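The block underneath contains the structure these notes are about, expressed in structure tokens.
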Amino acid sequence: MKCVHLDFHTSPDIENIGCQFNKAEFTQILKDAKVDLITVFAKCHHGYSYYPTKLGTINPGLKFNLLKEEIDAIHDAGAKAPIYITMGWSKKDADEHPEWHQINFWTKKPVIYGYNGGKLDEPLDTPISDCSWITLCPVGGYKKYLEDITREVCEQFDVSDGIFYDICFIHDTCVCEDCKAGMKAQGLDPEKFEDVRKYFREQRIELMKDLTGIVHEYAPNATVFYNGGADMNRPEYHPYQTHYELEDLPTAWGGYDLMPLRAKYFEKYGKLFLGMTGKFHHSWGEFGGFKNKEALRYECADMLSVGASMSVGDHLHPYGALDKSTYAVIGHAFDYASKIEKYCEDTRAYTDIALWMSHTEADVGCSKALQIMHLEFDVIDDGNDLSRYNCIVLPDCVKFTENDKKQLCDYVQNGGKVIASAESIFDELGIKLKCKSGSDLDFISCEIDEITTPFLSYSSAYITESDGEVLADVYEPLFNRTYGHFCGHKNTPPKPDKAPYPALVKCGNVLYFAHPVFDAYHKSGNYALERYIKKGFEAIYQRKLSIEGFPSCGRARFRKSNNERFFAMHLLYAPPVNRGNVCLLADFPELNNLKIKVNVNEKIKAIKTIPDNKKIKFVQKGSEISLTLDSMSLHKLIIFEF
């Protein structure tokens, strides 16, 4: 599904809002761009509505029911039109109802996003360059208001296409008067952080249930999404979403490797999930900012390659006309997506390796390392079935229950491989974790290409004992760096002799990195560390996919259709570069003569590329398939029919 999220945060200082809206033109632009769904606004962050409202205030610059006209135009284009309602940021409501402000537990002041560092008393003519919003707390009076607004929207419009609530989970605490009263009524203490966080989460869940209940009174099958609740580390909110929209603008935050991790995490729920990027050069709200059309095509192909539908953010001009240049760019990407999406929908990763989430930044580093090694993988949590995997990766600081430990021990005893690091180990796996070393930054000795001397770990090791094979050694610094005791500009150099504990050890079916290598790699991107991680994996895991000549910034995904008889291999290549404050894709070099080997259990009948339908010669020996891809640029989809 090819979606657009059409922001419309419009100042009341602008006159003649919607004056350039033309229904026929609006419809035709969406048709030409092949848009299947576009989210449009009932109420924006400025606090104004775009339909006749008895509960709120229509934007004073608007003289007609713009939302109705937009929905009609979208339906004429054969597309869906979910309706957007702001929750956490609504300037007019924040100005008129200070009692609705979300109050920070630590500072006891309103939670502010922007405002020149969070000052409420700036002169009104003080320039600002980015977001500027006071956050509201949807408890008590404001919750009732949101419920009433929701019901009003449901009564005025057919909401079968869905509702999108925005800014729903800023921070994790609030001590406004309504929250404090509610906590006291439940016997909770507003001065205790854990009590405040507990109440915050419970109230958000109740809010989700109540608002979704209202929407489903009018449209039982409508989608309802609460933005901010598709966070991998907030699983308590996941059951109450009808689907997931993964807002990851690679040009603004996270780069190009975050969305695939999140997609793999949310795929496990079996619900619709969308990747969300933007048409902007940088980020939301950027009028006149454009992304390279090939970069947007890459991003859409990337979303499809992990089984996600795609959503592209845009911002409608206050006068109501869609920007033709924007939809030329979106249309270019969506045209390509329309030719390949049937081979991407209803597929799952075909893999025998899984990343067990630690719910820390180490997961991001581990995911990056796996992607750089061109390894397809699943993402799992405690309680998931391990039997379908040959290898489980435990990054840095996974917390284990006794049941988790038993499950992993049984898995290893039955032949499964485990790759663990730092704190993600326990005695029953054959490696005894004693303590963290006293070093601030230490070194690893492991021969990697031309690097034969100890290299900086960008972390420090944990001390362990085992009967395993030592594959790499730790070298401690001469001393820890302090203000009064330091050497040179950065870190202290290593001692000449290795430490009496290992950096990397293999104990049966368990490989253990003594350092938090995945967090360190995420933060440093160090080449030697990257090669070291790869060497560790190769010592215990036999890969099922290899691509000779494919650069490390290429991305390989291999998926199997759930209902049709084919595998889909996605190869993506576009080196990201940093220019100014933006991570972007500027060039799309051609790659030639890629030699691919992949193992599958099925007998392959034919291999072809899509959308050109070009057949590829291949050889299958047992489960191993060998082929050569003559050339590719940006994205290549290879279909293996069986």
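At-a-glance table
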| quantity | calculated |
| --- | --- |
| Total residues in region 468-501, condition among the acidic types (Asp, Glu), part of a loop (DSSP other than H, G, I, E, B) and surrounded by fewer than 19 Cβ atoms within 10 Å (Cβ to Cβ) | 1 |
| Flag if Thr126 is under 23 Å from Ser283 (Cβ atoms) and either touching a Cys at 6+ places or on another chain (Cβ under 7 Å) or free of Cβ contacts under 8 Å to residues at least 40 places away in the same chain (or both) | yes |
| Matching residues in region 585-596 - criterion: being part of a strand (DSSP E or B) and either over 23 Å from the mean Cα position of the chain (by Cα) or of a type in the set (Val, Ile, Thr) (or both) | Glu590, Leu591, Asn592, Asn593, Leu594, Lys595, Ile596 |
| Test result for Phe200, more than 17 Å from Thr86 (Cβ to Cβ), crowded, with 19+ Cβ neighbours inside 10 Å and out of contact with any Pro (no Cβ under 9 Å at 6 or more places or on another chain) | yes |
| Breaking point among (1) part of a loop (DSSP other than H, G, I, E, B); (2) closer than 30 Å to Tyr462 by Cβ; (3) of a type in the set (D, E, K, R), for Glu564 | (2) |
| Every residue from region 619-640 that is open to solvent by 60 Å² or more (accessible area, probe 1.4 Å), in contact with a strand residue (DSSP E or B) (Cβ under 9 Å, 6 or more places away or on another chain) and either among the basic types (Lys, Arg) or part of a strand (DSSP E or B) (or both) | Val619, Glu624, Asp630 |
| All positions within region 512-553 that are open to solvent by less than 50 Å² (accessible area, probe 1.4 Å) and within 19 Å of Ser626 (Cα to Cα) | Leu545, Ser546, Ile547, Phe550, Pro551 |
| Failed criterion for Thr251 (all others in (1) on the phi < 0 side of the Ramachandran plot; (2) open to solvent by 20 Å² or more (accessible area, probe 1.4 Å) hold) | (2) |
| Some residue of region 63-82 being assigned to a strand (DSSP E or B) and open to solvent by less than 60 Å² (accessible area, probe 1.4 Å) | no |
| Residue that is nearest to Ser311 (Cα to Cα), among those in region 3-47 that are in contact with an Asp or Glu (Cβ under 6 Å, 6 or more places away or on another chain) and open to solvent by less than 10 Å² (accessible area, probe 1.4 Å) | Val4 |
| Checking Lys180 against (1) open to solvent by 50 Å² or more (accessible area, probe 1.4 Å); (2) free of Cβ contacts under 8 Å to residues at least 60 places away in the same chain; (3) not in a helix (DSSP H, G or I), the condition it does not meet | (3) |
| Residue check for Val577: closer than 17 Å to Leu370 by Cα and either surrounded by fewer than 18 Cβ atoms within 10 Å (Cβ to Cβ) or more than 25 Å from the chain's Cα centre (by Cα) (or both) | no |
| Candidates Thr251, Thr242 - the one that is under 30 Å from Gly320 (Cβ atoms), in contact with a His (Cβ under 7 Å, 6 or more places away or on another chain), of a type in the set (Val, Ile, Thr) and assigned to a loop (DSSP other than H, G, I, E, B) | Thr251 |
| Which numbered condition His171 misses (of (1) at pLDDT 95 or above; (2) under 24 Å from Cys44 (Cβ atoms)) | (1) |
| Flag for Ile616 being open to solvent by 20 Å² or more (accessible area, probe 1.4 Å), modelled with pLDDT of 95 or more and over 23 Å from the mean Cα position of the chain (by Cα) | yes |
| Residue selected from region 445-461 under the condition hydroxyl-bearing (Ser, Thr, Tyr) and more than 29 Å from the chain's Cα centre (by Cα), by the criterion least open to solvent (accessible area, probe 1.4 Å) | Ser445 |
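Yes/no matrix, rows are residues, columns are (1) at pLDDT below 95; (2) assigned to a strand (DSSP E or B):
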| residue | (1), (2) |
| --- | --- |
| Glu530 | no, no |
| Cys583 | yes, yes |
| Val598 | no, yes |
| Ile604 | no, no |
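The values are calculated or read from the model by the stated rules, or taken from the named source; none is laboratory data. Remember, it's a predicted structure, so these values are computed and weren't measured experimentally. All Cβ positions, even for glycine, are placed from backbone atoms using ideal geometry, and neighbour counts span all protein chains on display. For accessibility, only protein heavy atoms count, side chains too; no ligands or nucleic acids. Shrake-Rupley method; radii C 1.70, N 1.55, O 1.52, S 1.80 Å.
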